[in-house]
Amino acid sequence: MGTNCGSSAQTVCIEERQGSIVTKGKSKSHVSCGNDSLAGSVSQRACVYCGARVVLNPVTDAVHLVHGPIGCATFTWDIRGSLSSGSEMYRNSFSTDLRERDVIFGGEKKLAECIDEIVSKYRPPAIFVYSTCVVGVIGDDIIAVCKEASRVYGIDVIPVESTGFVSGNKIVGYRAAAEALLRLIRPKEGTKIKKNNTVNFLGEYNLGGEKWIVERYLREIGIEINVAFTGDSSVEALKKAPEARLNLVQCTGSMHWLASQMEKEFGIPCLDVNFFGSENIATSLRSIARFYGDDQVSKRAEELIERETSMLRPQLERYRDKLRGKRAAIYVGGAFKAMAIVRQLNELGVEVVVVGTQTGRSEEYQTLSGMLEDGTVIIDDANPAELERFLLEKKIDVMAGGVKERTLAYKLGIGFIDHNHDRKDALAGYEGALRFAREVYISACSPVWKHLRQVLPERERQ
Amino acid sequence: MLECVPKETVEHTVGKINPAKTCQPIGAMYASLGIHGCLPHSHGSQGCCAYHRMHLSRHFRDPVLATSSSFTEGTSVFGGAANLKTSIKNVFEIYNPEIMAVHTTCLSETIGDDVATMIKQSEVPEGKCVIHANTPSYKGSHVTGFSNMCKAMVTYLAQFDGGARKERVNLIPGFVNPGDMREMKRIVHDMGIDFTMFPDTTDVLDSPLTNKYEMYPKGGTTVAQIRDSGNSKMTLSLGSYSSDAAGIALQEKCGVPCVPLDIPIGVKATDDLIMALKKGFGVKVPDELTIERGQVVDTLIDTHFHYQGKRVAVFGDPDIVIPLTEFLLTMGMRPVYVLTGTPGPQFEIRINKMLDGAGITERKVKAEGDLFDLHQWIKQSPVDLLIGTSYGKYISRAEDIPLVRVGFPVLDRAVHPLMPIVGYRGCMRLIEMISNTLLERRDRDSLDEDFELVL
């Protein structure tokens, strides 16, 4: 096995991984997913803490205090790309910076002191306290520390139980974040919830200002967003979440559980939406209008869709001409994102021939599979060697993924679109769809690729 | 933006706010990548490995591969031995590196995994090797992790064969960019001295785009070269925090005398490196280097009025900040705030001595500090220029002070890992960056009537 692993198909012969790679039309079985990664493999996955942090971090006026050694806080310091219209508190990085002494004697006292200092400096409306691997092992009772601090200071000090090693799957961290959010928004006993006609927008993180784009659309058709979970949100706004009439769920991976809890506890129904790509936007706006059952809302939605698509279509057509016949690969965190990208690439005439995710669920892979042509490779928890193999084998022109995939794609002379934390431009809405198209074009058709395939003139002469 | 630091002095003694350091394993991973055909392995849960790869990829803009022991809840209860053994088996079967460099994480350290024993009990294929370094994240910083892995290279690999010493110098370059390592190699090469540099990330993390992906690029010090470093005539360890431990270990294990020096940033530190080589090998300093030195001095005279007397705040890794501060003093600047996140007493002692010598009395110097500290100092009494990593950009924006990006990590600027700040050429680049940043600032701030072509 594997004598020339860096650049050949040999690398995919990890037996334990066979079930995680299927070719649509050829393999009968479903993708095996949700397993722990193999020890000794190069996984692109992160950890439970990471999952919790990315979901909660966009709560802008909260202090996010990472209880653990310094690395966990450093590596998640302002990497999310979520924008704020108000407080910038969330962009600071707070850590208890556990040292050897604390690991031996316990870090609870230090955590409590840290909270004291933070409250005296900043008086934040809430503090999220994240537990990390080492905290899970030494057994600090962060719940007790948080409870006491909440009592003393009369603010929400909320434990986020995100000890990293519990799973290699970020989804477990999404759940920890959701539980923390639920704790934040649950009204005190005896409080009566006043319902209004607004929507909560779950699984929207305001990357590059995406929430603001959707907010504009909804406002135009006559619907207000109560609060987004968690993009550009504040503690006060989140606490009003139970008042909304409907929950829109965009990133299902991170927010599905919370949406179902909110349905149970506060009677708020939920609706899956997706504002990436013109087809998805239209479908989403229509289903929201249908839910409200208001003719005026429907009418305004149709007007918006018609106006925007007629503006977008000719512009997309220009890119379609350049991109027709190009082949794409996708490797992203969740299946929701993968599906949205598949649709958008198809709209551009780009054929998607490889799709993978870090945390997709079985039923999501089934839906995804339904959108793809026969022969498309579907991978769960891919390692870079596998990605490399399929990028070459399938003659990919452009890849969509996150930062770790970017450098790999470039090294292979393949264009790249960031659909993760390094992205700075909003890709939601019609303007986002156009931006996406432009990004695919400039990457797949960069003049640089021409130079890559040339040799130095001197060398040619020799 | 980020106006979250109060102006009045507030008590800040517990934990870190906006850290100026990160944890050991990322330094160990970076050092490991400087061995040819090496696959770094993170013995712990997956998140750490993913973070470190991501951070290094962002700084170097090149792929960084590393495997993980993929700890789960069971592992943290029963220990990581089974995971490490499986990892070693899988890594050699699947990825086939020459060498696997294991570093621990806070998790595997806390549960007390004895990695050395686990490696001994594992089956390692003929001709391959596995080394390890203990890198608990709750001790030291990423610089310590780098140092620990360099030391592991010596303790696992270096050998003295007992014969005559080879006319060769070992260079331990410190936690610097591949561009810096390349420049150091050029200087030693130009002096006509045979050398082994380890670790060496040139041609690994600054590798050319060739349309072909190499999992193990051509760069890196080979295992054979590290092994043979025990037969060299001398070792120069550059940077006391990142390189001395390996240099001393090599001296103790193989009897190679170690000369500790600063990373050659600035005229003095570069002079020291060249003179140590000259003395050690009795060679002449080539004209090329003498000319370069003269050019630096010429440039300093040509441009001194751009920056002389300006107040500057410097932060970053101690081995970079120490010689950099020295160079800033050579330039006539006033480093009034000097800070590192890495703990250790040497930093404050050395910086204070330098600043005493330069008569800079009103100053703040701190090891194991954070950027909240630095920001507060600047709020209380501002500076003209900030020099440090990308993380300085928050202070830069909040206080409207220009930032020159130097050190690790730089996540928001291009080309820096390829361009040296060491050697005389590095001096030129530092002068260029500092001068031009201040000049651009002057242009930007000048009123129409003061706006001039020549500055």
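Among the residues making up the stretch B:372-397, a single one is within 13 Å of chain A (Cβ to nearest Cβ) and in contact with a Gly (Cβ under 7 Å, 6 or more places away or on another chain): B:Thr389.
Of all residues in the stretch A:216-249, those being of a type in the set (Asp, Glu) and part of a helix (DSSP H, G or I) number 3.
Close contacts from the stretch A:109-122, counting a first residue that is more than 8 Å from every other protein chain (Cβ to nearest Cβ) and at negative phi and a second that is β-branched (Val, Ile, Thr) and in a helix (DSSP H, G or I), with Cβ to Cβ under 6 Å and a gap of 6+ residues or different chains, come to A:Leu111/A:Val145; A:Ala112/A:Val145. Here is the figure for the stretch B:204-244: residues that are farther than 24 Å from B:Asp62 by Cα and modelled with pLDDT under 95 total 0.
Counting only helices (runs of 4 or more DSSP H) that sit completely within the stretch B:305-417, those holding 2 or more residues that are open to solvent by 10 Å² or more (accessible area, probe 1.4 Å) and within 20 Å of B:Gly174 (Cα to Cα) correspond to B:318-330, B:346-357.
Taking B:Ser57, is it at the interface with chain A (Cβ under 7 Å from one of its Cβ atoms), open to solvent by less than 10 Å² (accessible area, probe 1.4 Å), at pLDDT below 95 and closer than 24 Å to B:Leu418 by Cβ? Here the answer is yes, as B:Ser57 does meet what is asked. Any residue at all in the stretch B:19-34 that is more than 7 Å from every other protein chain (Cβ to nearest Cβ), surrounded by fewer than 24 Cβ atoms within 10 Å (Cβ to Cβ) and touching a strand residue (DSSP E or B) at 6+ places or on another chain (Cβ under 8 Å)? Within the stretch B:19-34 (the criterion being more than 7 Å from every other protein chain (Cβ to nearest Cβ), surrounded by fewer than 24 Cβ atoms within 10 Å (Cβ to Cβ) and touching a strand residue (DSSP E or B) at 6+ places or on another chain (Cβ under 8 Å)), the answer is no, since none of the residues qualifies.
Residue by residue, here is whether (1) of a type outside the set (D, E, K, R); (2) touching a strand residue (DSSP E or B) at 6+ places or on another chain (Cβ under 8 Å); (3) farther than 21 Å from B:Cys4 by Cα holds:
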site: B:Gly359; (1), (2), (3): yes, no, yes
site: B:Arg363; (1), (2), (3): no, yes, yes
site: B:Pro382; (1), (2), (3): yes, yes, no
site: B:Gly392; (1), (2), (3): yes, yes, no
site: B:Arg397; (1), (2), (3): no, no, no
site: B:Phe408; (1), (2), (3): yes, no, yes
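Criterion applied to B:Leu33, B:Leu56, B:Leu39 was being out of contact with any helix residue (DSSP H, G or I) (no Cβ under 7 Å at 6 or more places or on another chain), closer than 19 Å to B:Phe198 by Cβ and not basic (Lys, Arg), and the one residue passing it is B:Leu33.
Among the helices (runs of 4 or more DSSP H) confined to the stretch B:75-165, the ones with at least 2 residues that are within 14 Å of chain A (Cβ to nearest Cβ) and at pLDDT below 95 are located at B:81-90, B:106-110.
For every residue, the table says whether it meets (1) touching a residue at least 40 places away in the same chain (Cβ under 8 Å); (2) touching a helix residue (DSSP H, G or I) at 6+ places or on another chain (Cβ under 6 Å).
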position	(1), (2)
B:Asp319	yes, no
B:Pro323	yes, yes
B:Leu328	yes, no
B:Glu348	no, no
B:Ile360	no, no
B:Phe372	yes, no
B:Lys379	yes, no
B:Leu386	yes, yes
B:Ser396	no, no
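Identify all residues within the stretch A:367-385 that are more than 14 Å from chain B (Cβ to nearest Cβ), touching a residue at least 12 places away in the same chain (Cβ under 8 Å) and of a type outside the set (Val, Ile, Thr); write none if there are none. Within the stretch A:367-385, A:Leu368, A:Ser369, A:Met371, A:Leu372, A:Glu373, A:Asp374, A:Gly375, A:Asp380 qualify.
Given the condition in contact with a Leu (Cβ under 9 Å, 6 or more places away or on another chain) and within 14 Å of chain B (Cβ to nearest Cβ), answer yes or no: does some residue in the stretch A:331-339 qualify? Yes, the stretch A:331-339 contains at least one residue that is in contact with a Leu (Cβ under 9 Å, 6 or more places away or on another chain) and within 14 Å of chain B (Cβ to nearest Cβ). If the condition is being touching a residue at least 12 places away in the same chain (Cβ under 8 Å) and either more than 15 Å from B:Ala269 (Cβ to Cβ) or not hydroxyl-bearing (Ser, Thr, Tyr) (or both), then the stretch B:238-253 contributes B:Leu238, B:Gly239, B:Asp244, B:Ala245, B:Ala246, B:Gly247, B:Ala249, B:Leu250, B:Gln251, B:Lys253. Checking each residue in the stretch A:257-290 for being in contact (Cβ under 8 Å) with a residue 40 or more places away in the chain, in a loop (DSSP other than H, G, I, E, B) and touching an Asp or Glu at 6+ places or on another chain (Cβ under 8 Å) picks out A:Phe275, A:Gly277.
When each of A:Asp97, A:Asp116, A:Asp102 is tested for being touching a strand residue (DSSP E or B) at 6+ places or on another chain (Cβ under 9 Å) and acidic (Asp, Glu), the lone residue that passes is A:Asp97. Selection of the stretch B:192-210 for residues being in a loop (DSSP other than H, G, I, E, B), open to solvent by less than 20 Å² (accessible area, probe 1.4 Å) and away from every other protein chain (no Cβ under 14 Å) yields B:Ile193, B:Phe198, B:Pro199, B:Asp200, B:Thr201, B:Thr202.
Of all residues in the stretch A:165-178, those being modelled with pLDDT under 80 and open to solvent by 60 Å² or more (accessible area, probe 1.4 Å) number 0.
Right, A:Ile378: farther than 22 Å from B:Arg58 by Cβ, of a type in the set (Val, Ile, Thr) and in a loop (DSSP other than H, G, I, E, B) or not? No: the conditions fail for A:Ile378.
Residues that are within 10 Å of chain B (Cβ to nearest Cβ) and among the small types (Gly, Ala, Ser) occur at least once in the stretch A:410-427. For the stretch A:68-83, the criterion of being more than 22 Å from the chain's Cα centre (by Cα), more than 9 Å from chain B (Cβ to nearest Cβ) and surrounded by 24 or more Cβ atoms within 10 Å (Cβ to Cβ) is satisfied by no residue at all. Can you confirm whether the stretch A:38-52 contains a residue that is at the interface with chain B (Cβ under 10 Å from one of its Cβ atoms), assigned to a strand (DSSP E or B) and either modelled with pLDDT of 90 or more or surrounded by 22 or more Cβ atoms within 10 Å (Cβ to Cβ) (or both)? Checking the stretch A:38-52: at least one residue is at the interface with chain B (Cβ under 10 Å from one of its Cβ atoms), assigned to a strand (DSSP E or B) and either modelled with pLDDT of 90 or more or surrounded by 22 or more Cβ atoms within 10 Å (Cβ to Cβ) (or both). Being open to solvent by 10 Å² or more (accessible area, probe 1.4 Å) and within 14 Å of another protein chain (Cβ to nearest Cβ) is the filter here, so list the residues in the stretch A:150-164 that pass it. Those that are open to solvent by 10 Å² or more (accessible area, probe 1.4 Å) and within 14 Å of another protein chain (Cβ to nearest Cβ): A:Glu161, A:Thr163. If B:Phe92 meets every condition in (1) under 30 Å from B:Asp203 (Cα atoms); (2) open to solvent by less than 10 Å² (accessible area, probe 1.4 Å); (3) of a type in the set (Phe, Trp, Tyr) apart from one, which number is that one? All conditions are met except number (2). Criterion applied to A:Gly208, A:Gly222 was being at positive phi, modelled with pLDDT under 95 and surrounded by fewer than 20 Cβ atoms within 10 Å (Cβ to Cβ), and the one residue passing it is A:Gly208. Hey, any hits in the stretch B:431-447 for a residue that's open to solvent by 30 Å² or more (accessible area, probe 1.4 Å) and farther than 21 Å from B:Met333 by Cβ? Within the stretch B:431-447 (the criterion being open to solvent by 30 Å² or more (accessible area, probe 1.4 Å) and farther than 21 Å from B:Met333 by Cβ), the answer is yes, since at least one residue qualifies.
The values are calculated or read from the model by the stated rules, or taken from the named source; none is laboratory data. Treat the numbers as computed from the prediction; the structure is a model and nothing was measured. No Cβ is skipped: glycine too gets one built from the backbone with ideal geometry, and neighbour counts run over all protein chains shown. Heavy atoms of the whole protein, side chains included, go into the accessibility calculation; ligands, DNA and RNA do not. Shrake-Rupley method; radii C 1.70, N 1.55, O 1.52, S 1.80 Å.
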